[in-house]
Amino acid sequence: MTKAALRSELLSLLEGALEAARAAHAAAIEGATHAEAKAENDKDTRGLEQSYLARGVAQRVVELEAAVADVTRLELRAFGAGAPAALSALVTVDEDGTDHRFFLAPAGGGSELTGGVQVLTTSSPLGRALLGKRIDDEVEVKLPGKTRALVITAIS
């Protein structure tokens, strides 16, 4: 799978999440302004709770719009021999005899793409640990409850 195809798949996932968030925002606004949301007494907070929900979903919409823009602008670099890992790198690591593949992207961390490729952002512990590393570098990442020891076997 090419990096262009991975970026396209990630963009599709983010756009789907954005569409769902926009629909949820519209529904939350409808719920907050619906006639039945009007308070019947001073203890009735249905409308207020819906407005809080609408505000939270609106923030998620803004975050997803930024994520879509960031991934759209992501320049796909070619990484030659000895080049350090950076955004748009497809990094293969060995962890206790098992290969894992990671796509370093500005958004969409945690998403799993075709071929078992996991998206990492530079704000994640593992993403930060891989940045700037080269083939054959050992990376140790301390996570709650465990430490992961990885060896970079390929960067493309």
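Figures for the structure shown
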item: Tally, over segment 49-99, of residues that are part of a helix (DSSP H, G or I) and among the β-branched types (Val, Ile, Thr); result: 6
item: Where Thr122 falls short, out of the listed (1) touching a helix residue (DSSP H, G or I) at 6+ places or on another chain (Cβ under 8 Å); (2) within 20 Å of Glu63 (Cβ to Cβ); (3) modelled with pLDDT of 95 or more; result: (3)
item: All positions within segment 100-132 that are free of Cβ contacts under 8 Å to residues at least 40 places away in the same chain, aliphatic (A, V, I, L, M) and not in a helix (DSSP H, G or I); result: Leu104, Leu120
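Condition check ((1) exposed (fewer than 12 other Cβ atoms within 10 Å of the Cβ); (2) under 15 Å from the mean Cα position of the chain (by Cα); (3) closer than 24 Å to Ser8 by Cβ) across all residues:
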{"position": "Glu95", "(1), (2), (3)": "no, no, no"}
{"position": "His100", "(1), (2), (3)": "no, no, yes"}
{"position": "Leu104", "(1), (2), (3)": "no, yes, yes"}
{"position": "Gly108", "(1), (2), (3)": "no, yes, yes"}
{"position": "Val119", "(1), (2), (3)": "no, yes, yes"}
{"position": "Ser124", "(1), (2), (3)": "no, yes, yes"}
{"position": "Ala129", "(1), (2), (3)": "no, no, no"}
{"position": "Thr153", "(1), (2), (3)": "no, no, no"}
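The values are calculated or read from the model by the stated rules, or taken from the named source; none is laboratory data. None of the values given here were measured: they were computed from a predicted structure. Neighbour counts are summed over all protein chains in view; Cβ atoms, including those assigned to glycine, are modelled from backbone coordinates with ideal geometry.
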